[in-house]
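**Student:** Please read through the structure below; I'll follow up with questions.
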Amino acid sequence: MRRAWRRTDPRRFAKVPGGPGQLNRRGNDSESGFKRLARRDPLRLFLLLLAAIVLFSLPHEHQLALATAIRSSVLAPVLRLQVGVADARSTRARLQGFRAERDSLAAELLSLGDVDEENRRLRALLGLAATGMDRFKPANLAPAGRAGESVKRSFVLDIGAAQGVYRGAPVIAAEGLVGVVRVVAAGQATGDFWTHPEFRVSAMTTEGEVFGIIRALEASSLLMRLENTPYQAELLAGTELVTSGQGGVFPRGIPIGRVLELTGTQAGWARSYLVEPAVYPDAVREVMVLVDRAAMDDLADLWERGTASDQR
């Protein structure tokens with residue numbers, strides 16, 4: 001018999017693997033690629049953890065400076081969008097509040113006809129804004145900090161060095177002390193609320209008879225602690241506290257809060273008290289920043305004038 005004539009099929013362009021060995025080798029190659037990727041993941045995780053530890057160990061002022069730089073550059077569009085959304089929500093809420101207040105005032109006028117009461121309410125909206133404007137600049141405040149914080153510790157202002165803001169400038173509201181500026185850029189500034197663990201301010205009673213140091217009670221609390229007051233002088237609940245002017249940072253006379261109760265004594269020579277703050281971080285958005293470095297005189301008259309104008 002004639003042997004069959006064998007020839008290569010012209011449609012065959014490559015050699016088909018002849019056995020399982022070649023298939024196994026290809027499978028091993030892909031498997032080794034996965035192993036290489038898996039070996040890189042711990043290295044990336046280690047680098048990320050190392051960067052987080054380095055950033056967390058930086059001094060507080062350096063962290064604020066880095067955060068300010070990032071907000072001014074990379075996060076600037078996102079922050080503008082966030083501020084726009086927050087402003088829209090705030091405007092909506094204020095509009096509803098104004099409508100409710102208008103309806104309430106209209107009902108009161110119809111029932112009582114008391115125009116003086118309406119005038120008093122309108123003047124109360126002005127508060128402290130009409131006094132001391134030669135020494136202060138108005139600013140919008142936005143709370144800042146880590147996600148998930150129950151108590152905000154830092155804030156961002158929409159004014160900066162171009163408007164006269166300086167490092168260490170006090171930040172106040174119509175009710176009293178808000179915090180202090182820590183880092184200043186050209187068009188914005190970053191600061192700390194009184195809730196920050198490193199915040200301290202020298203305080204006194206309104207009569208200037210008892211002095212002490214105010215600090216935040218703890219990280220998750222919205223109360224203050226008055227420390228190092230003389231043991232011989234006992235403060236009653238409701239005693240008002242203001243800044244003493246000592247230390248050269250906060251002028252004298254800024255309201256801080258009211259004494260709630262005695263919390264303890266230190267070896268019979270000092271007392272400490274629980275204090276209710278005059279300003280809560282979540283309740284303030286419009287503030288004033290001291291821009292006159294020389295204005296370290298008594299500011300109590302500003303609140304006295306504001307109270308007198310509200311009572312007219």
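The values are calculated or read from the model by the stated rules, or taken from the named source; none is laboratory data. Here the structure is a predicted model, which means the values were calculated and not measured. Ideal geometry is used to build each Cβ from the backbone, glycine not excepted, and the neighbour counts take in all protein chains shown.
**Student:** Here is a list of conditions, (1) more than 27 Å from Asp158 (Cβ to Cβ); (2) modelled with pLDDT of 80 or more, and Arg312 meets all of them except one; can you say which number that is?
**Tutor:** With respect to (1) more than 27 Å from Asp158 (Cβ to Cβ); (2) modelled with pLDDT of 80 or more, Arg312 is out only on (2).
**Student:** In addition: Looking only at region 244-252, decide whether some residue is in a strand (DSSP E or B) and surrounded by 13 or more Cβ atoms within 10 Å (Cβ to Cβ).
**Tutor:** Among the residues of region 244-252, not one is in a strand (DSSP E or B) and surrounded by 13 or more Cβ atoms within 10 Å (Cβ to Cβ), which makes the answer no.
**Student:** Test each condition in (1) part of a loop (DSSP other than H, G, I, E, B); (2) modelled with pLDDT of 90 or more; (3) within 18 Å of Val181 (Cβ to Cβ) for Leu236 and report the one that comes out false.
**Tutor:** Checking Leu236 against (1) part of a loop (DSSP other than H, G, I, E, B); (2) modelled with pLDDT of 90 or more; (3) within 18 Å of Val181 (Cβ to Cβ), the one that fails is (3).
**Student:** With (1) surrounded by 17 or more Cβ atoms within 10 Å (Cβ to Cβ); (2) closer than 28 Å to Ser154 by Cβ; (3) of a type in the set (Val, Ile, Thr) as the list, and Thr239 as the residue in question, which single condition is left unmet?
**Tutor:** Here Thr239 meets the rest and fails (2).
**Student:** So, in region 223-258, exactly how many residues are among the small types (Gly, Ala, Ser) and within 12 Å of Ser272 (Cα to Cα)?
**Tutor:** The total comes to 1.
**Student:** Could you identify the single residue in Thr205, Thr131, Thr190, Thr195 that is polar (S, T, N, Q), surrounded by 15 or more Cβ atoms within 10 Å (Cβ to Cβ) and modelled with pLDDT under 80?
**Tutor:** Thr131
**Student:** Here's a check for you: in region 258-280, which residue that is assigned to a strand (DSSP E or B) and among the small types (Gly, Ala, Ser) is surrounded by the most Cβ atoms within 10 Å (Cβ to Cβ)?
**Tutor:** Residue satisfying both the conditions and the ranking: Ser272.
Residue-wise test of (1) over 23 Å from Leu262 (Cα atoms); (2) free of Cβ contacts under 8 Å to residues at least 12 places away in the same chain; (3) surrounded by fewer than 17 Cβ atoms within 10 Å (Cβ to Cβ).
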position	(1), (2), (3)
Glu149	yes, yes, yes
Ile159	yes, no, no
Tyr166	yes, no, yes
Gly176	no, no, no
Phe199	no, no, no
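**Student:** Pairs, please: C-beta under 6 Å, at least 6 apart or cross-chain, first residue more than 19 Å from Trp269 (Cα to Cα) and in region 202-222, second assigned to a loop (DSSP other than H, G, I, E, B) and among the charged types (D, E, K, R)?
**Tutor:** Arg215/Arg200
**Student:** List the pairs whose first member sits in region 281-292 and is over 10 Å from Pro170 (Cβ atoms) and surrounded by 15 or more Cβ atoms within 10 Å (Cβ to Cβ), whose second member is at pLDDT below 85 and not small (Gly, Ala, Ser), and whose Cβ atoms are under 6 Å apart, counting only residues at least 6 apart or on separate chains?
**Tutor:** What qualifies is Asp292/Arg135.
**Student:** Now for a separate question. Return the only residue of Ser104, Ser30, Ser57, Ser72 being exposed (fewer than 10 other Cβ atoms within 10 Å of the Cβ), modelled with pLDDT of 65 or more and polar (S, T, N, Q).
**Tutor:** Testing whether each residue is exposed (fewer than 10 other Cβ atoms within 10 Å of the Cβ), modelled with pLDDT of 65 or more and polar (S, T, N, Q) leaves just Ser57.
**Student:** Filter region 258-291 for residues that are at pLDDT below 85 and touching a strand residue (DSSP E or B) at 6+ places or on another chain (Cβ under 8 Å) and give the result.
**Tutor:** If the condition is that a residue be at pLDDT below 85 and touching a strand residue (DSSP E or B) at 6+ places or on another chain (Cβ under 8 Å), then Gln266 is the only one that fits.
**Student:** Does Arg215 satisfy being within 22 Å of Val289 (Cα to Cα), among the basic types (Lys, Arg) and not in a strand (DSSP E or B)?
**Tutor:** It is false that Arg215 is within 22 Å of Val289 (Cα to Cα), among the basic types (Lys, Arg) and not in a strand (DSSP E or B).
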